[in-house]
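Notes follow once the structure below has been shown.
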Amino acid sequence: MGVTSPLKGQSHSRSFTRKLLPYVLYALLPIAVFRFYFHPFPFPLSTSDQLPHPNRIILTTSSSSSSSSSSSSPPPSSFSREEEIANETPCNYTYGRWVHDKMGPLYNGTTCGTIKEGQNCITHGRPDLGYLYWRWQPSQCNLPRFDPNTFFNLLSNKHIAFVGDSMARNQLESLLCMLATASYPNLVYKNGEDNKFRRWHFASHNITVSVYWSPFLVKGVEKSKTGPDHNELYVDVVDERWGSDLEHIDMVVLSIGHWFLHPAVYYEGGSVLGCHYCAGLNHTEIGFYDVMRKAIKTALKAIIERKSTDGNGIDVFLTSFSPSHFEGEWDKAGACPKTKPYEEGEKMVEGMDADMRSIAIEEMEAAKVNAKQFKGLRLETLDVTKLSLMRPDGHPGPYMYPFPFANGVQEHVQNDCVHWCLPGPIDTWNQIVLEVIRRWSVVSKREE
């Protein structure tokens, strides 16, 4: 019987391995690509990215002096976090940059049932998903990932209301989606065209969340096919569609801006104050900046006066202006084509965006002074103008409708470069709201 040489056996083994190796590589390559696309590795930050950057925005509150913790550090205990919050100066989330985040959003277009169709970019076929993997990193403090259970614990037995235009609704739906990852919201009320007035209840913590359509915050008559072709605003009269419910509201988030750009006639004290884009009506053109200021002032005054007398207190947020990102014609493909955030210094808050932001901040600061004489009133500007301006990639664009290019690129393609995809950058707004509430809670406990 012959004996097989060990060297000859090894030669056969090596030959087999060489033949098999290409097939193994072909099999692993698509798996690696899939893993990297949907779970990308964090990108290293350059030295310049780690330093705070100056910008033109003037802050209204001081920033924390504590340094930002690394995203790879273990989460601090609740006790140390509360001590940190209580001892530091309030963080101003205006300064910062968007950084890669491999974790991605808490939810998606199929796991949340409350997303408005026009903002459900994933299920509408948006092919690029890179916009989902960014988070806002403030320059001098940390912004923790949204924790729905923390929100529930801080606001149990409360009624939270979002009041304003479609941006208020956009933010509300973002919050509902994030909270729904921990507890299901039951729709308990709806009314109005396009369900502009809705209410949900989280039975697990007895939390009510409502949305009130009020694009001016004050009394108004919106333009319509059967009525005037311009809006009519009564700048010194609060909109009672939400004002009459104030005694039952514990936290309110106000959000207005874009509707003030439309043609309108303004009234004050029962007389015509002026108008905006009102050719042929024989009224004085006064623009909209001062009118928007008066509307915010009226709304905040009504909140303070009514809640200071009922003894229940209220938390008030005023969301600053969220810029749009139209490039070229709104009804053409590529109206907002960007697929990643702007880098620091690439885009500045200026012009109308800066003016409308300033109005919100100035009126909120004045209201804070007025509210100091009363207990239980906490007010803050939710300053999202810069962080929103830096995200031209976060809008639905043509994916406000399902699969807009299924039959090729059409001559006219409607785009939404104003609202935000869900999930998307607007989720950050609610992260900031939660952190402000958490700080208020810690400071309140310390003062007791």
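What the table below lists for this structure:
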| read-out | value |
| --- | --- |
| Residue-span extension gain [residue 343 to residue 301] - 0.36 nm each, minus C-alpha spacing | 11.3 nm |
| Rounded FRET efficiency, nearest 0.05, which uses the C-beta distance separating residue 277 from residue 117 and R0 of 30 Å | 0.50 |
| Convex hull of region 98-447 built on C-alpha atoms - directionally averaged projected area, nm² | 18.9 nm² |
| Gap separating the Cα centres of region 231-246 and region 291-325, nearest whole Å | 11 Å |
| Pair residue 372, residue 261: separation of 7 Å Cα→Cβ label points (nm) | 3.7 nm |
| Computed FRET value (nearest 0.05) for residue 149 with residue 290, which takes r as the C-beta separation and R₀ as 35 Å | 0.20 |
| Amide H contacts under 5 Å for residue 212, placed H, 5+ residues apart | 162, 163, 164 |
| Region 197-239 - percent of accessible surface contributed by carbon and sulfur, probe 1.4 Å | 51 percent |
| Shape call, region 364-445: gyration tensor on alpha carbons, a/c limit 1.5 | prolate |
| Residue 89 long-range amide H proximity, modeled H, under 5 Å | 65 |
| Rounded FRET efficiency, nearest 0.05, which uses the C-beta distance separating residue 128 from residue 99 and R0 of 22 Å | 0.75 |
| Net charge, residue 335 excluded, C-beta distance under 11 Å - Lys, Arg +1, Asp, Glu -1 | -2 |
| Heavy-atom surface of region 98-447, accessible at 1.4 Å and reported per residue (Å²) | 42 Å² |
| Members of 223/338; 297/340; 294/386; 190/225; 297/386 lying beyond 31 Å, as alpha-carbon distances in this model show | 223/338; 297/340 |
| Estimated distance in nm for a label pair at residue 401 and residue 327, the labels positioned 7 Å out from Cα along Cα-to-Cβ | 2.2 nm |
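The values are calculated or read from the model by the stated rules, or taken from the named source; none is laboratory data. As the structure is a prediction and not an experimental result, all values here were calculated from the model. As a convention, Cβ positions derive from the backbone with ideal geometry for all residues, glycine included, and neighbour counts pool all protein chains shown. The accessibility values were calculated without ligands, DNA or RNA, using every heavy atom of the protein model including side chains. Shrake-Rupley method; radii C 1.70, N 1.55, O 1.52, S 1.80 Å.
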